[in-house]
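To keep things clear, I will list the structure first and then write my remarks on it.
Read-outs: derived from the displayed coordinates by stated rules, not from any lab. Note that the coordinates shown come from a computational prediction; the quantities given were computed from them, not determined experimentally. Counting neighbours? That spans all protein chains shown, and the Cβs are built from the backbone with ideal geometry, glycine included.
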Amino acid sequence: MAERENRRGNRRDRDESPEFADRLVAINRVSKTVKGGKRFGFAALVVVGDQKGRVGFGKGKAKEVPEAIRKATEQAKRKMMRVPLKEGRTLHHDIEGRHGAGKVVMRTAPTGTGIIAGGPMRAVFEMLGIQDVVAKSIGSQNPYNMIRATLDGLSKEQSPRNVAQRRGKKVADLLGKREEAPAATATEEA
């Protein structure tokens, strides 16, 4: 029985390999007023990703900052989601995300643009592995709502492969023959 627990424990240790990067987005000091005075605690907001298309966020509360960060990181690793990326560097199409009063607009960008986005959104894009994106937050400036709105938009992201599969077509049929057709007619005429 102890041997079985060790194997499970080892598997769990392998899953938590350093393939994930994390970014601390916000730390809040919260206080509870009690009879003898105030008791302080800390709330942490962390974004975790593998920089290859997976990202998640978590929040943790504790009496000490390191413990709050640890709890938030564990929660973020449990709530990871996969996002399809175009060429591993940008989005396939422009998207909007909403959560509460927070609204974010994310646009695909050409190579070399970089990440043009505000604090919490930038953390999500960096942990996701996006290199070129233009994003704007409209409405709520609360980091929790901004991250949730960003992840809401990213969950709507669809790759041409997924759309083609859903419609029962080929990717080439969806994207069309953009540059091949004009080049072929030009060579035939000459």
Dipole magnitude (debye, nearest 20) for segment 86-157, charges at Cβ of Lys, Arg, Asp, Glu: 160 debye
Burial ranking of peptide ranges 79-88, 127-136, 93-102 (average Cβ count within 10 Å, highest at the top): 127-136, 93-102, 79-88
Cα gyration tensor category, rounded, prolate or oblate, for segment 47-190 with a/c compared to 1.5: prolate
Value of relative contact order over segment 2-158, rounded to a whole percent, pairs C-alpha under 8 Å and six or more apart: 20 percent
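Could you order the peptides 118-125, 106-113 from most to least packed, using the average number of other C-beta atoms within 10 Å per residue?
The densest-packed peptide leads the list: 118-125, 106-113.
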Environment charge of VAL47, counting only residues whose C-beta is closer than 9 Å and scoring Lys/Arg +1, Asp/Glu -1: -1
Partner lysines for LYS79 [C-alpha distance under 30 Å; skip if fewer than 8 residues away on the same chain]: LYS32, LYS52, LYS59, LYS61, LYS63, LYS71, LYS103, LYS136, LYS156
For ALA72, net neighbour charge (Lys/Arg +1, Asp/Glu -1) across residues whose Cβ lies under 14 Å away: +4
